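> Dropping a structure here in structure tokens format, bear with me for questions.
The values are calculated or read from the model by the stated rules, or taken from the named source; none is laboratory data. Computed from a predicted structure; not experimentally measured. Every residue, glycine among them, receives a Cβ derived from its backbone with ideal geometry; neighbour counts consider all protein chains shown. Side chains are part of the model used for accessible areas, which takes the heavy atoms of the whole protein and leaves out ligands, DNA and RNA. Shrake-Rupley method; radii C 1.70, N 1.55, O 1.52, S 1.80 Å.
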Amino acid sequence: MNIAVAALLLAGVAYVHALPGGPPLGACANIFPVGHTNPPNAVNNPTDNENNPYQLNLDAFLNASDPQRTTLLYSPGEVYELTVTAPQGGAPYRGVMVQARTTVDGSPVGSFSSFTALTRASLCTPPESAVTHNSRADKTSEVLTWTAPSAGTGNVQFLYAVVIEYFPGSANMFYGTLTTGVVREIVDECATGADNCDDDATCTDTAEGFECTCNPGFTGNGVTC
């Protein structure tokens with residue numbers, strides 16, 4: 001056998017690239033690139049959130065009109081666009097998988113849609129609960145469309161994985177089971193009666209909670225009037 005051909009075959013065994021049609025069913029459990037091996041010269045842990053340069057952008061859950069707000073919030077049933085980006089000047093990624101889960105029991109919630117030529121629904125249950133790649137083509141920024149779950153679901157967190165083309169001397173070829181910050185469900189505590197306002201106070205719903213204000217003729221902090 002030609003030495004060059006043998007070397008290429010060995011490289012194919014040692015360094016598995018992103019599966020062209022997306023990850024197998026086994027990747028759904030922990031959103032981890034099943035079947036991929038880590039290069040022997042890797043310098044980062046493949047589940048290292050802090051040092052992961054491939055980010056899932058959640059700016060859609062912030063309020064552009066209120067730059068001071070840093071809390072991530074979602075409104076039940078609303079549609080949001082998330083973006084997975086490669087580091088500027090860094091290697092593009094080839095594989096990706098993203099899923100939202102509740103912070104209560106880790107169940108998948110919400111659904112992905114509006115897939116492109118490079119993305120599709122997953123093999124998870126249900127399929128639209130996660131989005132993945134549909135091609136090994138280089139990607140630097142993919143927009144993913146997610147519809148938030150129904151009211152009462154509670155807070156959610158996104159898990160994701162990214163597979164990068166491996167080059168000798170580089171860092172990890174993949175990152176898996178990466179987690180984002182918690183995205184809180186917007187709840188109208190005033191309408192549901194979950195507020196603690198005094199009977200002589202008015203409850204006002206806000207994006208991050210509620211406010212209690214004593215009615216005219218009463219004084220206090222709203223919780224006690």
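> Of the residues CYS197, CYS212, which single one is over 23 Å from GLU78 (Cβ atoms) and either in contact with a Pro (Cβ under 6 Å, 6 or more places away or on another chain) or in a strand (DSSP E or B) (or both)? Step through it out loud before you land on a result.
On the way: CYS197 fails: either in contact with a Pro (Cβ under 6 Å, 6 or more places away or on another chain) or in a strand (DSSP E or B) (or both).
Going through CYS197, CYS212 in turn, just one is over 23 Å from GLU78 (Cβ atoms) and either in contact with a Pro (Cβ under 6 Å, 6 or more places away or on another chain) or in a strand (DSSP E or B) (or both): CYS212.
> Further, regarding this structure: Under 8 Å between Cβ atoms, which residue pairs at least 6 apart in sequence (or on different chains) link something in the stretch 89-105 that is free of Cβ contacts under 8 Å to residues at least 60 places away in the same chain and open to solvent by 10 Å² or more (accessible area, probe 1.4 Å) with a partner that is assigned to a strand (DSSP E or B) and among the β-branched types (Val, Ile, Thr)?
Final answer for the pair search is ARG101/VAL156; THR102/VAL156.
> Residue under question is GLY193, and the condition is that it be modelled with pLDDT of 90 or more, on the phi > 0 side of the Ramachandran plot and open to solvent by 40 Å² or more (accessible area, probe 1.4 Å); does it hold? Working first, answer last.
Numbers: modelled with pLDDT of 90 or more: no; on the phi > 0 side of the Ramachandran plot: yes; open to solvent by 40 Å² or more (accessible area, probe 1.4 Å): yes.
No, not satisfied.
> May I pose another question? Can you run down the residue pairs with Cβ atoms below 6 Å, 6 or more apart or on separate chains, where the first is in the stretch 51-75 and closer than 24 Å to THR177 by Cα and the partner is surrounded by 14 or more Cβ atoms within 10 Å (Cβ to Cβ) and modelled with pLDDT under 80?
Sorted first by the residue in the stretch 51-75, then by its partner, the pairs are ASN51/ASN44.
> Of (1) touching a Gly at 6+ places or on another chain (Cβ under 6 Å); (2) open to solvent by 40 Å² or more (accessible area, probe 1.4 Å); (3) modelled with pLDDT under 90, ILE186 satisfies all except one. Which?
In the conditions (1) touching a Gly at 6+ places or on another chain (Cβ under 6 Å); (2) open to solvent by 40 Å² or more (accessible area, probe 1.4 Å); (3) modelled with pLDDT under 90, ILE186 misses (1) alone.
> Right, here's the next one. Looking at THR177, THR202, which one is on the phi > 0 side of the Ramachandran plot, among the hydroxyl-bearing types (Ser, Thr, Tyr) and open to solvent by 40 Å² or more (accessible area, probe 1.4 Å)? Quick ask: steps written out before the conclusion?
Values: THR202 fails: on the phi > 0 side of the Ramachandran plot.
It is THR177.
> Which numbered condition in (1) in contact with a Leu (Cβ under 9 Å, 6 or more places away or on another chain); (2) closer than 21 Å to ALA27 by Cβ is the only one that VAL143 fails?
For VAL143, the exception is condition (2).
> Something else: For the stretch 109-131, enumerate the residues that are open to solvent by 60 Å² or more (accessible area, probe 1.4 Å), in contact with a helix residue (DSSP H, G or I) (Cβ under 9 Å, 6 or more places away or on another chain) and over 16 Å from PRO33 (Cα atoms).
THR125
> Just name the residue that is farthest from the chain's Cα centre (by Cα) out of those in the stretch 88-142 that are outside any loop (DSSP other than H, G, I, E, B) and among the aliphatic types (A, V, I, L, M).
Step one: list which residues in the stretch 88-142 are outside any loop (DSSP other than H, G, I, E, B), which gives 93-102, 108, 111-113, 119-121, 127-133, 139, 141-142.
The next check asks that each one be among the aliphatic types (A, V, I, L, M); those that pass are 96-98, 100, 121, 130-131.
Values: VAL96: 11, MET97: 9, VAL98: 6, ALA100: 6, ALA121: 15, ALA130: 10, VAL131: 10 Å.
Filtering first and then ranking leaves ALA121.
> Now for a separate question. In the stretch 185-193, is there at least one residue being part of a strand (DSSP E or B) and touching a residue at least 60 places away in the same chain (Cβ under 8 Å)? Walk me through it before giving the result.
Step one: filter the stretch 185-193 for residues part of a strand (DSSP E or B), giving 185.
Cutting the leftovers down to touching a residue at least 60 places away in the same chain (Cβ under 8 Å) gives us 185.
Within the stretch 185-193 (the criterion being part of a strand (DSSP E or B) and touching a residue at least 60 places away in the same chain (Cβ under 8 Å)), the answer is yes, since at least one residue qualifies.
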